[in-house]
1. Among residues other than residue 105 whose Cβ falls under 12 Å from its Cβ, what is the net charge (Lys/Arg +1, Asp/Glu -1)?
2. Computed FRET efficiency, Cβ-Cβ of residue 278 and residue 376, R0 22 Å: what is it to the nearest 0.05?
3. Lysine pairs, Cα distance under 28 Å, 8 or more residues apart or cross-chain: how many in region 17-153?
4. Taking only protein heavy atoms into account and a 1.4 Å probe, give the accessible area per residue of the chain in Å².
5. Any chance you could give the angle, 0 to 90 degrees and rounded to 10, that helix 213-222 forms with the longest Cα principal axis of the chain?
6. Evaluate E = 1/(1 + (r/R0)^6) for residue 5 and residue 416, where r is the Cβ-Cβ distance and R0 equals 41 Å; express this FRET efficiency to the nearest 0.05.
7. Under a straight-distance cross-link criterion of Cα-Cα below 28 Å, which lysines are reachable from residue 228, leaving out those fewer than 8 residues away in the same chain?
8. Return the ratio Rg/(2.2 N^0.38 Å) for region 1-80, where Rg is computed over Cα atoms only.
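The values are calculated or read from the model by the stated rules, or taken from the named source; none is laboratory data. As the structure is a prediction and not an experimental result, all values here were calculated from the model. Cβ atoms come from the backbone with ideal geometry, glycine included; neighbour counts cover every protein chain shown. Remember, those area values only see protein heavy atoms, side chains included, never the ligands or the DNA or RNA. Shrake-Rupley method; radii C 1.70, N 1.55, O 1.52, S 1.80 Å.
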Amino acid sequence: MITKEQKELARWAMQYALKKGCQQCRVGIYSGSETSFEVRDTQLDKLQQATENQMVIYLFVDGRYGSISTNRMERRELEKFISDGITSVRFLAEDPARKLPDPSLYFSGSETSLALYDQNFGSISADEKLKLAKAAAAEIYGQDSRLISVSSGYGDNESFAYIVASNGFEGESSTSSFGVSVSASVKADGDARPESYWYDETLTWADLQKQGVGKKALERALRKIGQKKIQSGKFQMLVENTAVRTIISPIISAINGSSIQQKNSFLLDKIGQKVVSEKMTLIDNPLIPKALGAKCFDREGIATKKRNVFENGVLKTYYIDSYIANKLNVAPTTGSPSLLYFDNGSYSQQELISKMTKGIFVTGFNGGNCNSSTGNFSYGIEGFLVENGELKQPVSEMNITGNMLSMWSNLAEIGNDALKSSSWQLPSLLFDAVDFSGL
């Protein structure tokens with residue numbers, strides 16, 4: 001929690017920087033703590049506890065910009081620290097695009113309405129956390145002769161921020177998260193050792209899944225036994241909700257302001273154009289209460305709001321922070337995505353599988369990359385051959401190749417199984433005509 005004294009110190013540091021020659025200044029105080037346990041088989045393998053207290057000061061001096069940070073928050077030390085920082089910034093090149101955002105864009109109000117912090121965070125004992133990590137592994141340890149190893153983990157964190165800017169912004173946020181995960185490795189034919197994982201992450205301890213994570217991880221590992229390549233071809237591709245992030249990340253990177261400003265994006269100058277399937281309506285809504293990724297303002301203090309990123313296949317926005325906005329002479333939006341989800345999902349994962357005549361149900365990507373300028377990509381995949389609506393054969397060591405915009409133009413159906421344990425609540429997605437390389 002940010003104390004009253006810390007807030008007063010931040011306001012004092014801002015005024016001191018202005019007094020020493022800054023034309024504008026923003027000060028952030030960030031604090032928090034985190035705990036993690038790792039269990040291998042039945043034994044505690046690693047534990048970590050950490051706390052953070054940090055002040056970051058953003059200095060705008062004579063058309064130049066720099067930021068300095070410290071965890072030593074005594075006024076006497078800060079006086080010299082800030083003065084030295086201002087002197088250093090004056091050595092930098094001028095950058096007229098560096099300035100605080102227009103005050104009219106700032107958030108005003110209280111972020112507590114989003115309920116992003118578990119008030120019981122401090123009351124959960126280390127014994128309870130370790131017990132959960134061990135119980136997750138114990139669910140499957142010794143339960144199947146094919147199981148080679150199992151590891152589980154528990155992690156949580158609480159983070160607090162207070163930001164004040166010299167042109168009028170003052171904001172505060174509090175968030176927490178809890179997570180549990182299990183990975184399992186099993187013996188298969190020959191030297192093959194398939195492995196898989198499962199996890200859950202929530203904002204509150206009460207909502208965290210306490211049972212079933214280990215069993216899910218083992219189930220996912222066992223179903224990989226017998227993986228092999230199949231003949232190359234152009235097939236339907238169903239991407240599991242846990243894996244969709246890999247193929248949508250290049251899209252999000254391509255609409256990032258820095259990519260647009262550097263003209264290194266396959267979505268440059270595409271605002272208002274239909275560039276992907278009309279099935280694709282992607283929404284960024286940071287104002288959903290009790291959801292991972294929600295927030296009322298971004299790191300600059302700009303108020304967040306619900307926006308359509310794609311609407312029926314039409315690109316509606318870029319992610320533009322105030323710096324890039326000044327460089328491009330456009331209005332800022334926000335610097336990065338917050339809480340993404342698709343609209344129009346209406347089919348369960350099993351219903352999507354039943355719609356496939358021949359294709360591959362992709363459950364994971366094994367390396368690969370996408371060219372940020374052209375959108376051409378190549379990724380290794382693993383999953384299952386699907387024929388006539390049924391899983392037939394686990395597959396691996398295959399690749400998909402193509403172009404991002406072409407692939408997303410072939411988006412055929414959207415699942416209703418959005419992954420709630422992530423700030424990107426992505427569902428399973430079905431694509432037509434994807435090039436697979438195998439035998």
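1. It works out to a net charge of -3.
2. 0.40
3. Close lysine pairs found across region 17-153: 8.
4. Numbers: 20290 Å² over 439 residues.
Heavy-atom SASA per residue in the chain reads 46 Å².
5. The helix 213-222 is inclined about 50 degrees to the chain.
6. After rounding to 0.05, the efficiency reads 0.25.
7. Within the straight-line cut-off, residue 228 pairs with 187, 215, 216, 355, 358, 392.
8. Cα-based Rg divided by the globular estimate yields 1.54.
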